[in-house]
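Each remark here refers to the structure printed beneath this line.
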Amino acid sequence: MRGNVVKRPLEGILVLDFSQFLSGPSAALRLADLGARVVKIERPEGGDICRTLYISNLELDGDSTLFHSINRNKESFAVDLKNPEDKADVKKLIGKADVLIQNFRPGVMERLGFHYDAVKALNPGIVYGEITGYGPTGPWKDKPGQDLLVQSLSGLAWLNGDRGQPPMPFGLAVADMMAGAHLVQGILAGLVRRGIHGVGCQVEVSLLESTLDFQSEVLTTYLNDGGVQPKRAAMNNAHAYLGAPYGIYETADGYIALAMGSVTELGTLLNCPALSRFENSKAWVDRRDEIKGIIAAHLKTACTREWLNRLEPAEYGCADILRWDQLLEHDAFQALQMVQTVYRGNGSAMRTTRCPIRIDGEIFTSPKGSPTIGENNGTIISLLREVENQ
């Protein structure tokens with residue numbers, strides 16, 4: 001942090017997070033990072049299902065590290081939404097809230113009585129954010145909205161890997177994370193509109209639509225290219241539409257990434273005369289696999305650092321391929337101060353990433369870890385009772 005401590009931009013905003021798993025909670029987390037007070041609405045028994053959704057069977061203080069990573073800096077209000085008294089308390093909270101987030105399948109919140117029209121009747125100014133798998137209508141609306149399934153249906157998995165390989169998903173839950181980011185954008189737009197015009201709104205995002213938007217660069221090309229299917233490179237594929245040398249290549253002691261650039265210039269810098277005959281840039285696409293084969297064979301003759309020492313001074317797009325242990329030890333990573341330590345009320349600690357957004361040069365961290373189920377029931381109920389007595 002630098003300069004004077006300033007208020008976070010969303011301080012004073014109350015968010016009710018009904019969501020589970022990854023997409024909705026990640027959106028609520030970002031709002032919390034930016035200063036909002038976020039209250040998770042959970043079942044008394046079991047809470048958010050993500051509490052027991054493990055990555056590498058790793059847990060902390062009884063909950064999965066996945067849950068901790070996306071539910072830090074929140075409070076937990078454990079209620080049975082089928083219990084009339086608990087439901088009445090939730091309705092009172094809705095009356096005070098600025099934002100509500102949910103990511104249940106279509107129809108679930110209607111059965112619980114907390115769909116948008118019902119919530120709007122309680123609080124016309126609320127910004128109601130929801131994430132579905134495939135949108136509220138259409139033949140897929142009731143399909144499970146799971147990240148791998150969405151990647152597969154959206155065409156995203158088909159873009160990855162080399163031509164002779166099967167479709168490959170990302171090694172991350174990109175559909176969930178993109179949908180969460182898009183929901184935050186919509187919610188912030190809704191809050192701005194409410195500040196100007198005094199009305200709330202419903203913000204709808206789906207995993208499929210977010211993943212399609214994620215592919216907008218290549219989808220736009222396809223839509224305007226007569227429906228010609230893009231072809232993955234036969235080797236070192238990194239982008240179905242880009243020509244050589246774009247890709248990751250093996251060296252004598254590791255790997256190197258080459259971005260877009262002149263093939264002939266690359267030949268000069270690498271002392272690879274075989275590349276000099278590809279002067280026509282059209283060939284860099286049409287003869288992509290042939291060129292990549294020449295580059296791949298040549299790069300195996302020396303170590304990564306030697307190639308970087310030739311390419312970097314010429315500002316030719318290239319990079320080493322770092323593992324996490326190498327990245328975390330690097331001065332460039334340490335300068336970002338991306339790691340913070342968060343603590344539960346009982347002192348359990350976990351290292352995790354911070355909010356990636358800077359505002360006026362400030363980075364936002366918080367030592368507050370994820371809540372246990374119902375940890376904040378007493379505080380929240382006391383608040384509601386005080387409101388009743390005013």
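Within the option set ARG323, ARG354, being at pLDDT 95 or above, surrounded by fewer than 13 Cβ atoms within 10 Å (Cβ to Cβ) and charged (D, E, K, R) holds for one residue only, ARG323. Residues of region 126-160 being exposed (fewer than 15 other Cβ atoms within 10 Å of the Cβ) and more than 24 Å from LYS231 (Cα to Cα), which ones? Within region 126-160, PRO136, THR137, GLY138, PRO139, ASP142, PRO144 meet the criteria. Quick check on ILE248: is it among the β-branched types (Val, Ile, Thr) and either closer than 24 Å to THR137 by Cβ or surrounded by 13 or more Cβ atoms within 10 Å (Cβ to Cβ) (or both)? The answer is yes for ILE248.
Pairs under 8 Å by beta carbon, first residue basic (Lys, Arg) in region 178-193, partner assigned to a helix (DSSP H, G or I), six or more apart or different chains? Filtered contacts from region 178-193: no entries. Residue check: VAL203 meets all listed conditions (1) among the aliphatic types (A, V, I, L, M); (2) crowded, with 17+ Cβ neighbours inside 10 Å; (3) farther than 28 Å from LEU22 by Cβ but one, namely (3). Within region 254-283, the residues that satisfy the criterion of being in contact with a Lys or Arg (Cβ under 8 Å, 6 or more places away or on another chain) and closer than 16 Å to ALA319 by Cα are LEU269, LEU270.
Residue count for region 210-245 under the criterion of being surrounded by fewer than 16 Cβ atoms within 10 Å (Cβ to Cβ), hydroxyl-bearing (Ser, Thr, Tyr) and over 19 Å from LYS282 (Cα atoms): the result is 2.
Taking the stated definitions as given, is TYR255 more than 29 Å from PHE104 (Cα to Cα), touching a strand residue (DSSP E or B) at 6+ places or on another chain (Cβ under 7 Å), surrounded by 13 or more Cβ atoms within 10 Å (Cβ to Cβ) and among the hydroxyl-bearing types (Ser, Thr, Tyr)? If you could, list the steps in order and put the result at the bottom.
Working: more than 29 Å from PHE104 (Cα to Cα): yes; touching a strand residue (DSSP E or B) at 6+ places or on another chain (Cβ under 7 Å): yes; surrounded by 13 or more Cβ atoms within 10 Å (Cβ to Cβ): yes; among the hydroxyl-bearing types (Ser, Thr, Tyr): yes.
When the stated conditions are applied, TYR255 passes them.
I'd like to verify a number: residues in region 326-346 that are among the polar types (S, T, N, Q) and surrounded by fewer than 11 Cβ atoms within 10 Å (Cβ to Cβ), how many?
1
Scanning region 337-361 for residues that are in contact with a Gly (Cβ under 7 Å, 6 or more places away or on another chain) and charged (D, E, K, R) turns up just one, ARG344.
May I ask you to list the residues in region 98-114 that are crowded, with 22+ Cβ neighbours inside 10 Å and either assigned to a loop (DSSP other than H, G, I, E, B) or of a type in the set (Gly, Ala, Ser) (or both)? Across region 98-114, the qualifying residues are ASP98, ASN103, PHE114.
The values are calculated or read from the model by the stated rules, or taken from the named source; none is laboratory data. In this text, all values refer to a predicted model and were calculated from it rather than measured experimentally. Neighbour counts run over all protein chains shown; Cβ positions are idealised from the backbone, glycine included.
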